Amino acid sequence: MTDKNEIQAQLREKSDPQEQGMPVPMVVLLVIGALFMWGMYYIFSSDLRNSADMGDNRVAVDFKIDESGIVDGGQLYTAHCVACHQATGTGVPGVFPPIAGSEWVVGKPEILAQIMLHGITGEITVMGNTYNGAMPHFDDKLNDAEIAGLMNHLRTNFDNEAETVDAAFVQAQREETADRTTPWNGDADLEAMK
């Protein structure tokens, strides 16, 4: 004999779900169709005549303007510096120091050359603000003409007004500290160069 409560419990149960073909909602189909049409329009309206070689495959030697050895410092800045110091040269507050108005950039060119050749670690004060991080060295990545071009870009852009340097100047700076294998220790080392 079955209990009345058991029968009521069985009556409350719903039947098991059955697999059925559920149609895709019309709104979803319209969104997919609109995206497909936009994609087709974008592909056919895009200018695909640019060379594929102009992507990230460029090397520093590609930035030379002409055979005289003049190097485009702006292109080198974009390739090596813009990620930290930003396109405007203002850096990232509290993280990466600015190039614009920096006493290390517009000051003695020897200091900037040494910073670029050997890099920096530790605390450095720029325009009254202290930064603690690391800047990579370029002594083995860029040649003398490329470092000179990059220095000239930094010293004459971002509202900076300082004299330019040439590859011979960078070569002399490189030779002066040829035995150095470690980065400069921020203010502690750079202040002595002023």
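The values are calculated or read from the model by the stated rules, or taken from the named source; none is laboratory data. None of the values given here were measured: they were computed from a predicted structure. So basically every Cβ, Gly included, is an ideal-geometry build from the backbone, and we count neighbours across all protein chains shown.
A few comments on the model shown:
- Of all residues in region 118-128, those being crowded, with 16+ Cβ neighbours inside 10 Å and either among the hydrophobic types (A, V, I, L, M, F, W, C) or within 18 Å of the chain's Cα centre (by Cα) (or both) number 4.
- The one condition from (1) buried (at least 16 other Cβ atoms within 10 Å of the Cβ); (2) touching a Lys or Arg at 6+ places or on another chain (Cβ under 9 Å) that Glu161 does not meet is (1).
- On inspection, Asp72 fails the criterion of being modelled with pLDDT under 60 and at negative phi.
- Qualifying residue in region 142-163 (condition: more than 20 Å from His80 (Cβ to Cβ) and touching a helix residue (DSSP H, G or I) at 6+ places or on another chain (Cβ under 9 Å)): yes
- Going through (1) under 21 Å from Glu191 (Cα atoms); (2) charged (D, E, K, R); (3) crowded, with 16+ Cβ neighbours inside 10 Å one by one, Lys108 falls short only on (3).
- Picking from residues in region 129-158 that are surrounded by 14 or more Cβ atoms within 10 Å (Cβ to Cβ) and of a type in the set (Val, Ile, Thr), the one that is nearest to Gly91 (Cα to Cα) is Thr156.
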